[in-house]
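One structure is given below, encoded as structure tokens.
The values are calculated or read from the model by the stated rules, or taken from the named source; none is laboratory data. Predicted, not measured: the structure shown is a model, and the values here were computed from it. Protein only, heavy atoms only, side chains kept; ligands, DNA and RNA dropped before computing areas. Shrake-Rupley method; radii C 1.70, N 1.55, O 1.52, S 1.80 Å.
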Amino acid sequence: DNIPALGINRFNDNQSLQSHFEDLPVYYRDIRANNFPAVNYVYFTNTNDSPNTKVKQAQRVVATLVYALMKSSYWNNSAIILSQNEPGGWYDHVIPPINNNTKELYGFRVPAIFISPFARESYIDNHTYDISSVIRFIESSLEINSSLTVTKNASNILQAFDFTLSPRKPVYLEEISRETSLVKSNSTVGINKIYTISLLILVMIIIFWYYKTR
């Protein structure tokens, strides 16, 4: 198991900082005790969603964390940011942009999901973010004045939220029936026919070209 922050002397040598590291059950205990911190970082060590690993187990853990917060009194003032620390070996076809802080290329993109009663519905954010964007969001939300250059140059993810609206009620995916289908089967019939015809035409062209060039 590996927690990067515990490999930094600043945390190992400072008992006050190290005391803030807790095992995962404390997350649920704090919610039940109405003693939830303003900011929580959750880092998984035994589960991840990289290829050929424990994908379903990781999904269950994340869902449990999210639902616990959704069903608590903290939900109306919460924002959950799900991301990964690496692409998991998947290739990214887009050339990374330049990092304004390091003046070097970013690494491959990783997915991020914003879950909140104020998150914009059906919204895909095309802005470039990095881990310092999360810190800037925390600073602006809690009105923390910071002199950190790394956060000043980072894009703020505030634009992914709409705080002018009333908080929405949570939606629990386990309540969606397994029989519910986002795309009806009869809606794909025409697409399947077009795909089949296109494939046959391609095969005929290849056969024609082969015999013509012999």
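Per-residue accessible area for TYR123 at 1.4 Å probe radius, Å² rounded to 10?
90
If I stretch the segment between ASP30 and ALA112 completely, what's the gain in nm (0.36 nm per residue apart, minus their alpha carbon distance), one decimal?
Between ASP30 and ALA112, full extension yields an extra 27.0 nm.
Can you tell me how much longer the chain between GLN159 and ASP92 gets when fully stretched, taken as 0.36 nm per residue apart minus their C-alpha distance, in nm with one decimal?
Length difference between fully extended and current span is 21.6 nm.
For the stretch 63-127, what class follows from the C-alpha gyration tensor (a ≥ b ≥ c being the square roots of its eigenvalues): rounded when a/c is under 1.5, otherwise prolate if a/b is larger than b/c, else oblate?
Verdict is prolate for the stretch 63-127.
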